[in-house]
1. What does the net charge come to around A167 if you take all other residues with beta carbon closer than 15 Å to its beta carbon, with K and R at +1 and D and E at -1?
2. Taking the Cα centre of segment 9-106 as origin, sum charge times position over the Cβ atoms of Lys and Arg (+1) and Asp and Glu (-1), and report the length of that vector in debye to the nearest 20.
3. Can you work out D for segment 14-103 in µm² s⁻¹ from Stokes-Einstein, where Rh is the Kirkwood radius over C-alpha pairs, the temperature is 4 °C and the viscosity is 1.567 mPa s?
4. Which of H44, H156 comes first, and how do the rest follow, when ranked by fewest Cβ neighbours within 10 Å?
5. Test of understanding: ordering S105, S99, S161 by Cβ neighbours within 10 Å, fewest first, what list do you get?
6. Starting at the first residue of segment 52-66, write each ³J(HN,Hα) from the Karplus equation 6.51 cos²θ - 1.76 cosθ + 1.60 with θ = phi - 60°, in whole Hz, x for Gly and Pro.
7. With θ set to phi - 60° and the Karplus curve 6.51 cos²θ - 1.76 cosθ + 1.60, what are the ³J(HN,Hα) couplings of segment 174-179 in order, to the nearest whole Hz, using x for Gly and Pro?
8. Hey, got the dipole for segment 14-53? About the Cα centre, +1 on K and R Cβ, -1 on D and E Cβ, debye to the nearest 20?
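Since every read-out is calculated from the coordinates, none of them should be taken as a lab result. All values reported here derive from a predicted model rather than from experimental measurement. Heads up, the Cβs are rebuilt from the backbone with ideal geometry, glycines too, and the neighbour counts pull from every protein chain shown.
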Amino acid sequence: MASSGDRSAIVKGGWMTTAEDDRALLTRLADRDAGAFRVLVERHLPAILGTARRMLRDEAEAEDVAQECLVRLWQNGSNIEVGNGGLKPWLRRVAVNLSIDRIRSRRRTDVTDEVPEQVVDADQLEALETSDMSARVNAALMMLPDRQRQALVLFHFEGLSQSEVAAILGVTDEAVESLLSRARRAIRTNLKDEWRQLLPGDAGGP
């Protein structure tokens, strides 16, 4: 039986994938179907808010970003191309860009170069986040300095390359390596036991 995570509707006796359902809802959205928009909001709003919260560490600003994402969805729904990942990648990209715009308007933060301690696969923190320790992971993320948190979120949670993170943050690749290194060290310190479970071969220090 299909789970709600990868199946969303029954059509002509068969299952429609979430991506296919997103496309169908966007077609209705082009005709200003409020019901279709409501379904898309219910489906994707938690992920948008999660991205904005991690980026901004400010609930009010995260809600503003989420609202702006949804406004853009309503305005541009007919022009959005939906791939196999459904609407989520487009919304995530908009949320990240809007968050970065807000961050840039706040201030500029200097970073110092530092040699990374180790290479960590981008999906490792994501795997930890999807476990039952997600609340503690999010709390640990919120404790990081702004630029460290932003680099970690963009690289590990949003799946961007190191060069893409550097371009978004307006720093060098080396600075991103430094930010990621310090952020990982802080996460390892704050989530010591969980990190060891995630990286059983990691004998590195804090």
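1. Its environment carries a net charge of -3.
2. Roughly 240 debye for segment 9-106.
3. 98 µm²/s
4. So the ranking, lowest neighbour count to highest, is H44, H156.
5. S105, S161, S99
6. My calculation for segment 52-66 gives 5, 4, 5, 6, 9, 6, 8, 4, 5, 5, 4, 5, 5, 4, 4 Hz in order.
7. Running phi through 6.51 cos²θ - 1.76 cosθ + 1.60 with θ = phi - 60° gives 5, 5, 5, 4, 5, 4 Hz.
8. The dipole magnitude comes to about 160 debye.
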